[in-house]
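Q: One structure, pasted below without further comment.
The values are calculated or read from the model by the stated rules, or taken from the named source; none is laboratory data. Everything quoted here is computed from the prediction, not taken from an experiment. Virtual Cβ from ideal backbone geometry, glycine too; neighbours counted across all protein chains shown.
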Amino acid sequence: MNQKRVLLPVLAVLVAVVAAASALGAASGLPRKRAFPETPIKIASKRHINPTVTRKLRDATWRWQVLIGLRRTHSVAPLNTRRALRYWRRHARYVRKLATRPPHKGGWLCIHRFEGSWRDGSDPYWGGLQMDRGFMRSYAPRLLLRRGWANRWTPLEQMWVAERAHRSGRGYGPWPNTARYCGLL
């Protein structure tokens, strides 16, 4: 019975202290923290960017830049970011546009008309511009290693290799008769 008499006043004092603390907290003007906030927290949703897609765009851009004789472009953004994806999409579009318009495209198409099929694989000349082994080794060593003889290259790749020879000072010399038929010499 003595324990109940002591316990009851202690319990009353404890309830009074808790009530005073809650009243003080409400009067102080501090915001109360709730277990569940009234407005949901908005989480910034980041769409995952697949770095493989960005890498393919970058590689295609670099491949065309090397082929047409431009320096490789570089981006400091990591490949899995939207910034990098936008950068490489824009550059791939731009370089592809440049690559589809070789400077002497009309001349190369005329030479092709008199030479052979773009897929012509007969020895000793390959491709639509009839390139021999030495010509391919001199003006397209990377392409030769990666894709084989000129009959396995795209028409644009063949024209850009011929353009590289033209820029080096050979002009239309490797195709003397055909260039005369086309009025290029």
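Q: Only one of (1) free of Cβ contacts under 8 Å to residues at least 40 places away in the same chain; (2) surrounded by 14 or more Cβ atoms within 10 Å (Cβ to Cβ) fails for Pro78. Which number is that?
A: (2)
Q: Please state which one of Arg142, Arg146, Arg164, Arg93 is in the same structural domain as Ile68 (by TED's automatic domain parsing), among the basic types (Lys, Arg), within 15 Å of Arg63 (Cβ to Cβ) and part of a helix (DSSP H, G or I).
A: Just one listed residue meets the conditions, Arg93.
Q: While we're on this one: Give Trp126, Trp149 a once-over and let me know the one that is among the aromatic types (Phe, Trp, Tyr) and surrounded by fewer than 20 Cβ atoms within 10 Å (Cβ to Cβ).
A: The unique qualifying residue is Trp149.
Q: Consider Asn177 carefully, then state whether it is touching a Phe, Trp or Tyr at 6+ places or on another chain (Cβ under 6 Å) and polar (S, T, N, Q). Before you say what the answer is, go through the steps one by one.
A: Working: touching a Phe, Trp or Tyr at 6+ places or on another chain (Cβ under 6 Å): no; polar (S, T, N, Q): yes.
Answer is no for this residue.
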